[in-house]
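First the structure, in the form of structure tokens, and then the observations on it.
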């Protein structure tokens, strides 16, 4: 007896009980759809966060001053423009593309009609690529502006909105920063709060020298923004930053550092690990529903075998070998779970087309392959017992059953 | 085209064994100890090729048990059963299935057709298990249905057929593999007199064509159509000889 005939008998058996077959499949459909959907959610969230982190400046490394632990026995040294110059040395730091010293300060910005709280960020032109800042209107400040200490400013989107209203272009106007007049030369593209340490939309970007000359004085730096030459070279760039600053600050032990290095890469690694664990948890929950669906198949196949005992007896009397009966019921349960699995994949995939908030679920091809393989395995595993029971029925007992 | 009875007496058989059935000292005991029921006691029976034998007896006499043994549906407690010279005790489950498929055609009182399956597919079923290809299968099933006069009912399902028609479909199904032996268990028990006449006439024709038939009944009129009658009482078998 050929496999084609066995499949035909199985399909006929399933078709005879269409509604029951469909309801049995529902367990598998829900299980597989849940696995596809939940792993897609985890994957989508991971990709979304990766892209948000890339928005922070994929290759950028931020150095912040830090209070060293008591064991270091020192208060530590601040970050200075001399540190910036040392990091800028292409000999000592070949993987570093640019270095920007940054001074920040909380200020009040006044445009006459309205005023707003903001953070003034004084730096050099390399800060724009280093911090991944995009200019909406106007221009960035130049090295010449920095050298001359010109009081020019670029306003973040929230600052523009607060001072001039939505959609206004303040280029050419003058604002008072803590009473000091700055000429507005540009505005910044809204970042939508890239999930960073502070909201870049509330920043006012000016030349470093202008902030130091009028507001903070020529003292310590608030941070240093370093840009690596490439994404691949970021780890090497971090090492270079650490070794140069350790040498300059006289630090022997990494625990005693008076600065800390934060990179998008580190952030991405931590978030990736967290999300990976989360996705695994979701998939495990979905897998439980798959097992429940599989037990549903066993249950229905047992009912089916009991219900069709007489039919099995007739088939045996007509010369059906045990393998044909086993095959028929096994193939029935495999078809149930495979068709259920296929529908589950389709339903799960359709579910991922619905955007959730800011991110969209992204289907993992490996999850689809695994789901189909698992559903076939469920058919074999959970169908084996009822099918064996049917195959082992003695024809005389099966025929006597009414 | 291959027809089930084209090949004449002993259709499909090349073995030169005189007795289709050769039973010696067959017993069947259900249960153990004090509660043991002796359904068959030391039964001897031989059936020659082409014979038409009726087994009669009261209900509970053991005649159905005998038929189950002869059909390899149940195993005897003791004794020897040769079917076409082959000792069935040495066959495993799969080999017994092949034996039932090739050598035995069953006809049951309750027809035992597969629900929701049309007549042609019913008749094709034993050939499917025999591994016969689709085209040949169809031809032989159509020929078998033609033989029982149901060609135009080939696409009807059991619930669309009368009792007599269902039993004729069952006869076609029993014949289609060209078995050495037709075993009929009260084939007319659920039929009205007209249908009974049809089915018995069909058996007469099959007998005339050389088929070996063993028929169980409690109806003397049905038994009278056979060429030889044996009686089962309390698990023992007695030859009665040619009736009437």
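The values are calculated or read from the model by the stated rules, or taken from the named source; none is laboratory data. Given the structure is predicted, the values throughout are model-derived calculations rather than measurements. Using ideal geometry, Cβ is built from the backbone for each residue, glycine included, and neighbour counts are taken over all protein chains shown.
Among the listed residues A:204, A:241, A:133, A:225, identify the single one that is farther than 29 Å from residue A:46 by Cα and either surrounded by 15 or more Cβ atoms within 10 Å (Cβ to Cβ) or modelled with pLDDT of 90 or more (or both).
That would be A:204, the only listed residue that is farther than 29 Å from residue A:46 by Cα and either surrounded by 15 or more Cβ atoms within 10 Å (Cβ to Cβ) or modelled with pLDDT of 90 or more (or both).
(1) more than 10 Å from chain A (Cβ to nearest Cβ); (2) within 26 Å of residue A:310 (Cα to Cα); (3) under 18 Å from the mean Cα position of the chain (by Cα): which one isn't true of residue B:89, the others all being true?
(3) is the only condition that residue B:89 fails.
Just name the residue that is farthest from residue A:34 (Cα to Cα) out of those in the range A:252-277 that are in contact (Cβ under 8 Å) with a residue 40 or more places away in the chain and within 11 Å of the chain's Cα centre (by Cα).
Looking at the filtered set, the residue picked out is A:268.
Suppose we filter A:158, A:124, A:142 for residues that are closer than 19 Å to residue A:175 by Cβ and in the same structural domain as residue A:189 (by TED's automatic domain parsing); which single one remains?
A:158
Can you pull out every residue in the range B:122-132 that is out of contact with any strand residue (DSSP E or B) (no Cβ under 9 Å at 6 or more places or on another chain) and within 9 Å of chain A (Cβ to nearest Cβ)?
Correct list: B:125, B:128, B:129, B:130, B:131.
Give A:163, A:215, A:154 a once-over and let me know the one that is assigned to a strand (DSSP E or B) and either surrounded by 19 or more Cβ atoms within 10 Å (Cβ to Cβ) or touching a residue at least 24 places away in the same chain (Cβ under 8 Å) (or both).
Sole residue among the options that is assigned to a strand (DSSP E or B) and either surrounded by 19 or more Cβ atoms within 10 Å (Cβ to Cβ) or touching a residue at least 24 places away in the same chain (Cβ under 8 Å) (or both): A:154.
Out of the range A:308-322, which residues are over 20 Å from residue A:14 (Cβ atoms) and either within 50 Å of the chain's Cα centre (by Cα) or part of a helix (DSSP H, G or I) (or both)?
A:313, A:316, A:317, A:322
Quick one: count up the residues across the range A:367-402 that are within 14 Å of another protein chain (Cβ to nearest Cβ) and assigned to a helix (DSSP H, G or I).
10
Might you let me know whether the range B:45-67 holds any residue that is in contact with a helix residue (DSSP H, G or I) (Cβ under 8 Å, 6 or more places away or on another chain), on the phi < 0 side of the Ramachandran plot and at the interface with chain A (Cβ under 10 Å from one of its Cβ atoms)?
Taking every residue of the range B:45-67 in turn, none turns out to be in contact with a helix residue (DSSP H, G or I) (Cβ under 8 Å, 6 or more places away or on another chain), on the phi < 0 side of the Ramachandran plot and at the interface with chain A (Cβ under 10 Å from one of its Cβ atoms).
For the range A:315-351, which positions are crowded, with 24+ Cβ neighbours inside 10 Å and facing chain B (nearest Cβ under 10 Å)?
Matches in the range A:315-351: A:315, A:316, A:317, A:318, A:319, A:320, A:325.
All but one of (1) surrounded by 15 or more Cβ atoms within 10 Å (Cβ to Cβ); (2) out of contact with any strand residue (DSSP E or B) (no Cβ under 8 Å at 6 or more places or on another chain); (3) assigned to a loop (DSSP other than H, G, I, E, B) hold for residue A:25; state the number of the condition that does not hold.
Here residue A:25 clears every test but (3).
Would you check which residues across the range B:183-222 are under 29 Å from residue B:18 (Cβ atoms) and in a loop (DSSP other than H, G, I, E, B) and list them?
Within the range B:183-222, B:186, B:187, B:209, B:210, B:211, B:212 meet the criteria.
Is it the case, given these coordinates, that residue A:85 is modelled with pLDDT of 85 or more, assigned to a loop (DSSP other than H, G, I, E, B) and surrounded by fewer than 21 Cβ atoms within 10 Å (Cβ to Cβ)?
no
Please state which of the following conditions residue A:103 fails to meet, knowing it meets all the rest: (1) part of a strand (DSSP E or B); (2) surrounded by fewer than 22 Cβ atoms within 10 Å (Cβ to Cβ); (3) in contact (Cβ under 8 Å) with a residue 60 or more places away in the chain.
(2)
Could you pull out every one of the strands (runs of 3 or more DSSP E) wholly within the range B:28-114 that has 3 or more residues that are closer than 29 Å to residue B:127 by Cβ and touching a residue at least 40 places away in the same chain (Cβ under 8 Å)?
Qualifying strands (runs of 3 or more DSSP E): B:52-56, B:78-83, B:104-107.
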